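First comes the structure, then the notes that go with it.
The values are calculated or read from the model by the stated rules, or taken from the named source; none is laboratory data. Being a predicted model, the structure only gives us computed values, none of them experimental. Here the Cβ positions follow ideal geometry from the backbone for every residue, glycine too, while neighbour counts run over all protein chains shown.
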Ligand code: FAD
């Protein structure tokens with residue numbers, strides 16, 4: 001076995017050397033014969049698929065694709081790139097759901113973390129210690145399926161579950177539970193990381209903590225996460241899912257902020273919300289919920305002070321053995337404290353898994369209409385609480401007009417649930433909002449929905465924030481110059497830079513983020 005391993009290693013090393021030496025003149029067919037034997041592939045369709053992402057705005061082809069079966073496979077390629085005289089970019093790709101080519105590696109190797117060949121790594125649940133160990137490329141939907149067998153589930157989620165663990169942990173991982181549990185990066189006990197030197201390091205809050213904090217929200221800059229130990233809770237079985245409407249923005253945000261301020265008392269388990277500037281479009285992404293049997297129709301509400309409506313979205317989780325009446329009472333008591341439009345309560349009740357997996361249903365619907373595989377000029381911003389009213393005036397009621405081309409999410413989070421030692425940057429206030437403009441461009445559609453138009457609008461929104469001194473931070477950030485990245489990180493930049501020099505000194509990793517120029 002050792003001899004075979006050694007032979008494979010030599011072969012891998014030879015291939016990598018060949019790539020580096022021959023550079024872009026290398027013809028993939030020269031290597032096909034050897035590539036299939038190993039995890040490295042030069043197959044056209046694999047290369048093509050690794051060159052794309054959900055954003056559909058950039059295509060950058062790698063030289064090769066690695067489908068690792070273990071952290072060791074990842075380590076070998078990174079180590080080779082680190083030690084090679086020429087250097088080689090290596091980018092982990094989770095499920096390729098980035099918007100701006102963040103997991104691409106031009107002329108390098110893309111490490112396809114999800115669905116890795118062999119599937120040797122299965123999630124391992126500790127019922128006693130309430131955690132699950134998962135492969136870094138595992139999709140959250142599969143993490144959920146494996147933990148549910150034990151009646152357990154992760155605590156903090158993203159709205160969509162077909163994202164990889166390593167990919168969301170490299171950003172933060174947020175949804176309506178974040179106000180209570182913090183982002184996903186606040187719910188990880190330990191990770192194995194392959195650093196930019198090819199070393200495999202186990203790290204946690206109290207073990208190699210500098211690397212642990214660096215990779216949490218680290219945009220793939222410091223290492224490739226090959227294993228994560230994720231905190232679990234007893235899984236609820238059912239969810240009461242409620243939506244209420246507002247025409248008054250201050251009443252809406254007041255209620256959202258009130259709900260996330262509740263701590264050791266009855267509270268909702270999930271608090272989100274969305275802005276309705278275009279009543280037609282919400283039907284595609286988030287809305288079969290507003291059924292004809294609901295007490296009032298959205299279109300019948302004339303918003304005071306403009307056509308914009310706000311929808312608060314909240315849930316109460318419960319267990320199979322819970323008394324339904326007591327759930328009703330708890331929900332009623334909480335709703336009584338809120339100032340939504342009377343009669344605008346939309347309620348449904350469904351299994352917990354169906355709630356968590358809700359966006360997948362929207363995906364299937366959009367796919368069937370040919371609206372999924374289109375360019376997505378998304379813009380995600382963290383907006384400080386003190387300026388959210390100005391943002392509403394200038395953006396929702398201003399720049400957007402009455403066309404949005406996708407849902408606009410808005411929900412607040414508590415900063416004290418975020419660990420400041422991690423690499424993520426958030427506004428400097430106790431409470432900040434996520435505003436997510438999740439837009440789809442339709443080139444042949446109405447003028448308002450073209451990629452150019454939506455991208456210009458994103459630029460205008462960012463310019464508006466600068467002009468009005470609204471200190472937003474981009475979530476899933478995208479910048480192209482060093483200065484913009486330095487401004488993004490602000491006072492965290494020196495630490496970010498120092499960590500990069502320590503853990504990926506040759507700037508091999510995640511070059512698609514365009515933060516550091518490769519030093520080769
Ligand atoms: P990729 O896009 O493949 O990678 C993202 C970055 O992380 C790249 O730089 C890559 O090199 C790096 N990376 C990937 N894997 C690893 C690894 N194992 N180790 C180190 N670095 C790695 N985000 C939220 O927080 N909340 C949401 O509710 C949410 N909903 C979404 C819904 C949809 C439909 C989509 C398309 C995206 C959504 N996102 C959400 C954004 C999502 O978190 C990001 O796209 C994230 O990058 C995860 O996607 P991915 O796993 O495909 O990673």
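Listing for the model above:
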| item | result |
| --- | --- |
| Check on residue 383, part of a strand (DSSP E or B), touching a residue at least 60 places away in the same chain (Cβ under 8 Å) and touching a helix residue (DSSP H, G or I) at 6+ places or on another chain (Cβ under 6 Å) | yes |
| Single residue of region 336-355 satisfying the filter (farther than 10 Å from residue 238 by Cα and in contact with a strand residue (DSSP E or B) (Cβ under 7 Å, 6 or more places away or on another chain)) that is surrounded by the fewest Cβ atoms within 10 Å (Cβ to Cβ) | 347 |
| Any hit, region 387-404, residues being more than 18 Å from the chain's Cα centre (by Cα), buried (at least 19 other Cβ atoms within 10 Å of the Cβ) and assigned to a loop (DSSP other than H, G, I, E, B) | yes |
| Test: residue in region 40-61 that is at pLDDT below 90, outside any strand (DSSP E or B) and in contact with a strand residue (DSSP E or B) (Cβ under 7 Å, 6 or more places away or on another chain) | no |
| Which numbered condition residue 134 fails, given (1) farther than 21 Å from residue 351 by Cβ; (2) outside any strand (DSSP E or B); (3) modelled with pLDDT of 95 or more; (4) in contact with a helix residue (DSSP H, G or I) (Cβ under 8 Å, 6 or more places away or on another chain) | (2) |
| Residue ID - nearest to residue 238 (Cα to Cα), chosen from residues in region 311-335 that are assigned to a helix (DSSP H, G or I) and either in the same structural domain as residue 177 (by TED's automatic domain parsing) or within 32 Å of the chain's Cα centre (by Cα) (or both) | 327 |
| Whichever residue in region 141-158 is within 17 Å of residue 351 (Cβ to Cβ) and touching a helix residue (DSSP H, G or I) at 6+ places or on another chain (Cβ under 8 Å) and, among such residues, is farthest from the ligand (Cβ to nearest atom) | 148 |
| Test: residue in region 473-486 that is under 22 Å from residue 387 (Cα atoms), more than 16 Å from the ligand (Cβ to nearest atom) and assigned to a helix (DSSP H, G or I) | yes |
| Region 159-168, residues that are more than 6 Å from the ligand (Cβ to nearest atom) and surrounded by 24 or more Cβ atoms within 10 Å (Cβ to Cβ) | 165 |
| Residues satisfying the stated conditions in region 169-218, i.e. in contact with a helix residue (DSSP H, G or I) (Cβ under 6 Å, 6 or more places away or on another chain), within 9 Å of the ligand (Cβ to nearest atom) and either in a loop (DSSP other than H, G, I, E, B) or closer than 30 Å to residue 264 by Cα (or both) | 169, 172, 173, 184 |
